[in-house]
1. Any residue at all in segment 85-100 that's without any contact (Cβ under 8 Å) to a residue 60 or more places away in the chain, among the aromatic types (Phe, Trp, Tyr) and closer than 30 Å to SER126 by Cα?
2. Regarding segment 84-101, can at least one residue be identified that is touching an Asp or Glu at 6+ places or on another chain (Cβ under 9 Å), assigned to a strand (DSSP E or B) and outside the structural domain of THR140 (by TED's automatic domain parsing)?
3. Filter segment 92-110 down to residues that are surrounded by 14 or more Cβ atoms within 10 Å (Cβ to Cβ), touching a Leu at 6+ places or on another chain (Cβ under 9 Å) and not polar (S, T, N, Q), then give me how many there are.
4. Taking LYS117 and the conditions (1) in contact (Cβ under 8 Å) with a residue 24 or more places away in the chain; (2) within 19 Å of the chain's Cα centre (by Cα), which numbered condition does it fall short on, given that it satisfies the others?
5. The conditions are (1) surrounded by 12 or more Cβ atoms within 10 Å (Cβ to Cβ); (2) at pLDDT 90 or above; (3) farther than 27 Å from VAL9 by Cβ, and ILE116 fails exactly one of them. Which is it?
6. Do you know which residues across segment 8-43 are on the phi < 0 side of the Ramachandran plot and loosely packed, with under 13 Cβ neighbours inside 10 Å?
Amino acid sequence: MEVILKKNVDNLGYANEIVTVKPGYGRNFLIPQGYASLATVSAKKAHAEIMKQKSHKDSKILVEAQELGAKIEKTAVKIVTKVGEKGKIFGSVNTVQLSEALKAEGIEIDRKSLKIKEEPVREIGSYTATANLHKDVQSTFTFEVVGE
């Protein structure tokens, strides 16, 4: 079954791509949740026309994503949290705190596009994360967890 993705779906594809999925996954999850629409012949023609019109806008978005990726890699991100004995933190650091720390540095990124490689983060130290900014741009950066 072919569907046209309306939103980015992890491990499947990016928005406005035509992908092949199993019929149950398409009918029972992707289409009802609003992540995709059925790729009929007429929908494919309309999609091709829309993609032709969007092609020049995509190059501008790609350049902006590359600039943002370069800015992220240069930024030193610190997350301050409460620490217990032996360097253990209370709870864990996740993408929500990482997104807020980036926002404090002046970089606006949705938490859903961030992935922490050594998750869960439960100790003080330096860690790496990846920001998925565009389907062609992934920026890897380091952040530091420090105690109050």
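1. Restricting attention to segment 85-100, the residues satisfying the condition of being without any contact (Cβ under 8 Å) to a residue 60 or more places away in the chain are 85-86, 88-100.
Applying the additional criterion that residues be among the aromatic types (Phe, Trp, Tyr) yields 90.
Among the residues that remain, those that are also closer than 30 Å to SER126 by Cα are: 90.
So far as segment 85-100 goes, yes, one or more of its residues are without any contact (Cβ under 8 Å) to a residue 60 or more places away in the chain, among the aromatic types (Phe, Trp, Tyr) and closer than 30 Å to SER126 by Cα.
2. no
3. Qualifying residue count for the region: 4.
4. Evaluating LYS117 over (1) in contact (Cβ under 8 Å) with a residue 24 or more places away in the chain; (2) within 19 Å of the chain's Cα centre (by Cα) leaves (1) as the failure.
5. (3)
6. Result: ASP10, THR20, LYS22, PRO23, GLY24, ASN28, PRO32, GLN33, THR40, VAL41, SER42.
The values are calculated or read from the model by the stated rules, or taken from the named source; none is laboratory data. Please read these numbers as outputs of a predicted model, since none were measured by experiment. Backbone-built Cβ (ideal geometry, glycine too); neighbour counts: all protein chains shown.
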